[in-house]
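The values are calculated or read from the model by the stated rules, or taken from the named source; none is laboratory data. Computed from a predicted structure; not experimentally measured. Glycine also receives a Cβ, built like all others from the backbone with ideal geometry; neighbour counts cover every protein chain displayed.
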Amino acid sequence: MKKFLVGLIIYIIAMTVFFTLTASDGKSNSANNHAHNGMDLKELNIQFVPSIQSETLLAKAKPLEQLLSQQLGIPVHVSLSTDTNSVIEAMGSKKVDMGFLSPDAYVTAHREYGANVILQSTRFGIKDDNTGDSTGKLTDRYHAIVIVGKDSNIKTAKDLKGKKIAVQGPTSTAGYVFPAVELNQKGINITKESTLVQVKGHDQGVLAVLKGDTDATFIFGDARNVLKKDRPDVFDKTRILYTTSAIPNDTVTLRKDITASDSHKIKQAMKEIATTPDGKKVLHDVYAWQGVADSNDSNFDTVRSHNKLMERIR
């Protein structure tokens, strides 16, 4: 009987220790994941800039939270900025760690707050301006286009004088800067000779032309594909007036002071995600990206030169 009681006591003590350790281990899973992955960041805050209707874009971007969290072992939070300047300021104040920025926005964030580009998007080139069909070949550059109604009497850049043009924010590469600078070289200063109507999202610019709210719009080529499913007549009712010179694709940019180690891990995680079916879907649904490629700051010198010219004509 005495041996039985001793054995029972030992068993109870052993089981108590086991369950205590198990509970403790469960409570520290998040901390252990963080430690094992070696991330200096405790969480990653990501912000997107609207390129299509805001509510739609946020819903499409949300799955990136889980995909990146699984790769990095830390919580990931995805949100949507009101405009390009907002995400730049948020990165400058360290409220946002990673932004999906247009080339011009990246240049601004780099100049003002020391942000660093880690990746550029890749997309299929466009081979047919009348249908939006792709070449099937990936590229890290694209063109901005100016579109008007198919039957519009606007035939040349100078015909935009006195017309309404749907544009994005003043730092948008395709939605403002490149078309404005190059149209100025064609003989019209749209900032002074046209009426600019700012819209949020390149799809909204196309819709403005389709509805007759504006005479033209500046969009990335070819943003009309975003509307093709809901508006199959979009190519029949619009045409390209002007195509700009090549622009480096959009970026994945990190704020200043993220460690080199974390930067590398985030970069590799994004590259890995971009090869998976779920990752490809997110990138395509949000910004029509087909993948990502390595990048460096010098790729954006053409943007800087356009910015300098833009300052002269504002």
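For the range 43-60, the criterion of being polar (S, T, N, Q), at pLDDT 95 or above and assigned by TED's automatic domain parsing to the domain that holds Ile266 is met by at least one residue.
Filtered by the rule that a residue be within 15 Å of Val167 (Cβ to Cβ) and in contact with a His (Cβ under 8 Å, 6 or more places away or on another chain), the range 218-243 gives Ile219, Phe220, Ala223. So which residues in the range 276-295 are at pLDDT 95 or above and not in a helix (DSSP H, G or I), if there are any at all? Listed by number, the residues that qualify are Thr276, Gly291, Val292, Ala293, Asp294, Ser295. Using the structure shown, decide if Ala274 is farther than 17 Å from Ile46 by Cβ and among the hydrophobic types (A, V, I, L, M, F, W, C). No. Looking at Thr195, Thr191, just one residue is outside the structural domain of Asp83 (by TED's automatic domain parsing), touching a helix residue (DSSP H, G or I) at 6+ places or on another chain (Cβ under 8 Å) and of a type in the set (Ser, Thr, Tyr), and that residue is Thr191.
In the range 255-275, which residue that is part of a helix (DSSP H, G or I) and polar (S, T, N, Q) is farthest from Val49 (Cα to Cα)? This residue is Ser261.
Hey, any hits in the range 140-158 for a residue that's of a type in the set (Val, Ile, Thr), farther than 18 Å from Phe235 by Cβ, crowded, with 17+ Cβ neighbours inside 10 Å and in contact (Cβ under 8 Å) with a residue 40 or more places away in the chain? Checked the range 140-158: no residue is of a type in the set (Val, Ile, Thr), farther than 18 Å from Phe235 by Cβ, crowded, with 17+ Cβ neighbours inside 10 Å and in contact (Cβ under 8 Å) with a residue 40 or more places away in the chain. For the range 171-205, the set of residues classified as in a loop (DSSP other than H, G, I, E, B) and of a type in the set (D, E, K, R) consists of Lys186, Lys200, listed by residue number. A single entry from Gly136, Gly169, Gly162, Gly187 fulfils the requirement of being exposed (fewer than 15 other Cβ atoms within 10 Å of the Cβ) and modelled with pLDDT under 95: Gly136.
In the range 240-254, of all residues being assigned to a strand (DSSP E or B) and among the hydroxyl-bearing types (Ser, Thr, Tyr), the one that is surrounded by the fewest Cβ atoms within 10 Å (Cβ to Cβ) corresponds to Thr243.
Here Asp250 qualifies as modelled with pLDDT under 95 and under 22 Å from Gly114 (Cβ atoms). Taken as a whole, the structure leaves Ala269 outside the set of residues that are assigned by TED's automatic domain parsing to the domain that holds His306, under 24 Å from Asp222 (Cα atoms) and either buried (at least 19 other Cβ atoms within 10 Å of the Cβ) or in contact with a strand residue (DSSP E or B) (Cβ under 8 Å, 6 or more places away or on another chain) (or both).
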